[in-house]
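Since the structure comes first, as structure tokens, the remarks are kept for the end.
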Amino acid sequence: MADAQVTCINKPHVNSSHEHITHLGNPANQWRWTREQVITSIDAGTNTFYVIDPVSGVRADIGVVRESGRAPYLRTYADRQWNNNLLSLNQCPI
């Protein structure tokens, strides 16, 4: 299983703080995957994904959240709490 750091995301509307994420990536490692590819990989146990908080240096793992009536989505999990560190990342180059 590979452990991959996510350093950027893409959303349909760049400035929206509540818009869903369409892609996650790491330009330094030359990858950019769709949200669906990341969810499939996490569910299969093929890869783990994480972000590093730029201020504290704390790692936050990315997990799949499933809520009734909604499509699965990704959130970070650190210190036993779900949070939205992903939405604060820069946009990935396309």
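With respect to Tyr77, is the statement that it is touching a strand residue (DSSP E or B) at 6+ places or on another chain (Cβ under 7 Å) and either modelled with pLDDT under 90 or not aromatic (Phe, Trp, Tyr) (or both) true?
So Tyr77 fits the description; yes.
For Thr48, which of the numbered conditions (1) β-branched (Val, Ile, Thr); (2) modelled with pLDDT of 95 or more; (3) within 10 Å of the chain's Cα centre (by Cα) fails to hold?
(3)
Where in the range 15-94 are there strands (runs of 3 or more DSSP E), lying fully within it, with 1 or more residues that are in contact (Cβ under 8 Å) with a residue 24 or more places away in the chain and surrounded by 12 or more Cβ atoms within 10 Å (Cβ to Cβ)? Working first, answer last.
Values: elements: 23-26, 31-34, 47-52, 59-65, 73-78, 81-83.
The qualifying strands (runs of 3 or more DSSP E) are 23-26, 31-34, 47-52, 59-65, 73-78.
Could you grab me the full set of residues in the range 10-40 that are among the aliphatic types (A, V, I, L, M), under 17 Å from Pro72 (Cβ atoms) and modelled with pLDDT of 95 or more?
Leu24, Val38, Ile39
The values are calculated or read from the model by the stated rules, or taken from the named source; none is laboratory data. Just so it is clear, the model here is predicted, and its values are computed rather than measured. Note that we place each Cβ from the backbone using ideal geometry, even for glycine, and neighbour counts take in every protein chain shown.
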